[in-house]
Amino acid sequence: MKTPITSPLALTTARSGPSLVGEAFEALAESFEQFCLIAGIESLTQMMGEDVTQLAGERYEHCPEKPGYRWGTSKAQVGFHGGKIEVDRPRVRSKATGQEMALPSREEMSAGGFLDQWAMNLMVMNVATRKFGRAVRLPEAGVPAEVGSGLSKSAVSRRFKALSQAKLEEWMASDVSELDLVAIQIDGLHLDDHLLMIGAVGIEVSGQKHPLGVVEGATENAATVQALLDNLIERGLDPEGCYLFIVDGAKALSKALRRTFGADIPIQRCQIHKARNITDRLPPKHHAAVRRALKQAWELNDADKAERLIRNLARRFEQEAPDVSRSILEGLDEILTVIRLGLPPELRRSLASTNIIESMNSIIRQVCRNVKRWRDAKMALRWTAAGMFEAKKGFRRIKAYKQLPILKQALIPPTKEQTVENILNCPV
């Protein structure tokens with residue numbers, strides 16, 4: 001025999017209580033959400049009634065000592081399932097000023113809720129604004145998407161715009177000085193032919209990854225990159241610090257980095273981009289041999305031997321493809337930075353490419369795929385930032401993160417290392 005889970009006391013209370021509570025228990029058999037909604041409205045009504053009693057006394061009671069008096073009821077809205085529902089709100093006016101007095105429970109009700117979060121969460125999951133109502137309310141449910149429920153495409157768009165703009169402003173003003181960064185990846189993302197977003201991802205010595213910032217620009221030039229670097233420095237990034245910068249190979253990136261952090265700052269050019277740029281300019285018959293030679297060079301622990309292998313590869317194409325030969329040698333120092341730093345092979349594979357920020361860019365493209373027209377750069381920044389926040393939810397520590405202290409030690413210049421050693425060895 002099945003044991004009932006509802007206690008006799010609860011049933012007795014339901015029968016003797018207000019009608020809304022009875023309706024709530026009836027709705028429990030159909031939908032637990034309907035039960036929560038009806039019971040929640042009853043609780044909210046009771047709280048507002050208690051607020052009115054404290055301000056104006058009991059109904060039909062003369063209370064000269066109370067600061068207010070009752071003034072009927074009106075309709076109010078409260079957030080529910082990504083939209084709004086109407087409830088009856090009692091009103092109280094002040095005896096001294098005649099102005100309406102705020103009810104604490106009403107203020108909490110209007111200030112609370114997750115309407116903005118509902119909109120942002122579903123939009124980054126590619127739910128169109130026209131389908132938002134269907135995503136949060138069933139047409140046959142007891143709480144349909146009525147007019148004024150806040151589920152129209154324009155209402156959802158306004159909430160997403162407000163929340164994404166607020167998060168962008170807060171993020172672009174946040175402090176980054178507390179992050180123990182050892183590596184920073186910078187790359188650009190083309191949203192259309194005339195709109196480019198340049199973002200940065202930082203890697204802490206613990207292996208954790210953090211989106212650092214984003215700026216817009218027409219092209220990936222030094223001025224655009226400089227704007228991003230200036231923003232990071234204003235937010236606490238130490239221009240005298242020791243970092244490994246990983247870029248895709250654009251000369252503007254290296255130029256801005258060296259101008260800001262010094263000519264000797266270590267910059268690693270993405271090896272995957274480099275190999276792709278070389279093979280794209282060669283006939284298919286050479287692709288396998290070129291990839292094999294580059295891989296052999298990048299897996300060496302000696303930077304000088306790796307450089308000789310790459311120079312030999314360039315020499316093979318001096319006659320057949322002289323432009324490709326020059327392309328192989330272009331930026332040779334930046335290609336072998338992780339080898340010159342003496343990093344272990346496992347850590348080199350994680351830091352020798354821009355795969356981390358490229359993975360984030362793919363999430364941004366997925367988030368933005370429903371956008372058909374970019375009205376302005378402000379809109380693009382909001383959507384890009386939303387995509388970066390979404391990508392951050394899936395961030396994991398990089399592979400070989402336990403070897404990152406080796407990178408941190410390798411980044412210390414010899415002069416600073418000697419200074420630290422002298423301080424430690426100095427007698428007290």
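The values are calculated or read from the model by the stated rules, or taken from the named source; none is laboratory data. These figures come from a predicted structure and were not determined experimentally. Positions of Cβ are backbone-derived with ideal geometry, glycine not excepted, and every protein chain shown enters the neighbour counts. Protein only, heavy atoms only, side chains kept; ligands, DNA and RNA dropped before computing areas. Shrake-Rupley method; radii C 1.70, N 1.55, O 1.52, S 1.80 Å.
Quick check on my filter: what residues within region 351-394 are polar (S, T, N, Q) and either more than 30 Å from residue 299 (Cα to Cα) or touching a residue at least 40 places away in the same chain (Cβ under 8 Å) (or both)?
Filtering region 351-394 for residues polar (S, T, N, Q) gives 353-355, 359, 361-362, 366, 370, 384.
Within region 351-394, 353, 354, 355, 361, 366, 370, 384 qualify.
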Problem set entry | Matching residues in region 54-72 - criterion: being closer than 15 Å to residue 103 by Cβ and either touching a residue at least 12 places away in the same chain (Cβ under 8 Å) or open to solvent by 40 Å² or more (accessible area, probe 1.4 Å) (or both) | 54, 55, 56, 66, 67, 68, 69, 70, 71, 72
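On the basis of being at pLDDT below 95 and outside any helix (DSSP H, G or I), does residue 320 make the cut? Write out each step before concluding.
Working: at pLDDT below 95: yes; outside any helix (DSSP H, G or I): yes.
Taking the combined requirement at face value, the residue satisfies it.
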Seminar exercise, completed: Scanning region 211-221 residue by residue, those polar (S, T, N, Q) and buried (at least 16 other Cβ atoms within 10 Å of the Cβ) turn out to be 221
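Could you please find all residues in region 122-145 being touching a helix residue (DSSP H, G or I) at 6+ places or on another chain (Cβ under 6 Å) and either under 24 Å from residue 385 (Cα atoms) or at pLDDT 80 or above (or both)? Break it down into steps so the answer makes sense when it comes.
Within region 122-145, the first condition is being touching a helix residue (DSSP H, G or I) at 6+ places or on another chain (Cβ under 6 Å), and the residues that meet it are 122-124, 127, 129-130, 132, 135, 142, 145.
122, 123, 124, 127, 129, 130, 132, 135, listed by residue number.
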For this session: For region 304-349, enumerate the residues that are of a type in the set (Ser, Thr, Tyr) and within 20 Å of residue 412 (Cβ to Cβ).
Result: 337
Problem set entry | Among the residues listed as 350, 325, the single one being open to solvent by 20 Å² or more (accessible area, probe 1.4 Å), hydroxyl-bearing (Ser, Thr, Tyr) and not in a strand (DSSP E or B) | 350
For this session: Might you check whether a residue that is modelled with pLDDT of 75 or more, open to solvent by 70 Å² or more (accessible area, probe 1.4 Å) and under 19 Å from residue 107 (Cα atoms) occurs anywhere in region 38-48?
Result: yes
Seminar exercise, completed: Within region 364-383, the count of residues that are within 16 Å of residue 169 (Cβ to Cβ) and aliphatic (A, V, I, L, M) comes to 4
Seminar exercise, completed: Filter region 146-162 for residues that are surrounded by 19 or more Cβ atoms within 10 Å (Cβ to Cβ) and closer than 26 Å to residue 369 by Cα; the one that is modelled with the lowest pLDDT is 150
Seminar exercise, completed: Over region 62-94, the set of residues in contact with a helix residue (DSSP H, G or I) (Cβ under 9 Å, 6 or more places away or on another chain), farther than 30 Å from residue 117 by Cα and outside any strand (DSSP E or B) is 63, 66, 67
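Go through the residues of region 73-81 one by one and say whether even a single one is at pLDDT below 85, open to solvent by 60 Å² or more (accessible area, probe 1.4 Å) and within 41 Å of the chain's Cα centre (by Cα).
So in region 73-81, the residues at pLDDT below 85 come out as 76-81.
Of the ones still in play, those that are also open to solvent by 60 Å² or more (accessible area, probe 1.4 Å) are 77.
From what is left, the residues that are within 41 Å of the chain's Cα centre (by Cα) are 77.
Yes: one or more hits.
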Exercise. Any residue in region 309-325 that is among the polar types (S, T, N, Q) and in contact (Cβ under 8 Å) with a residue 40 or more places away in the chain?
Worked result: no
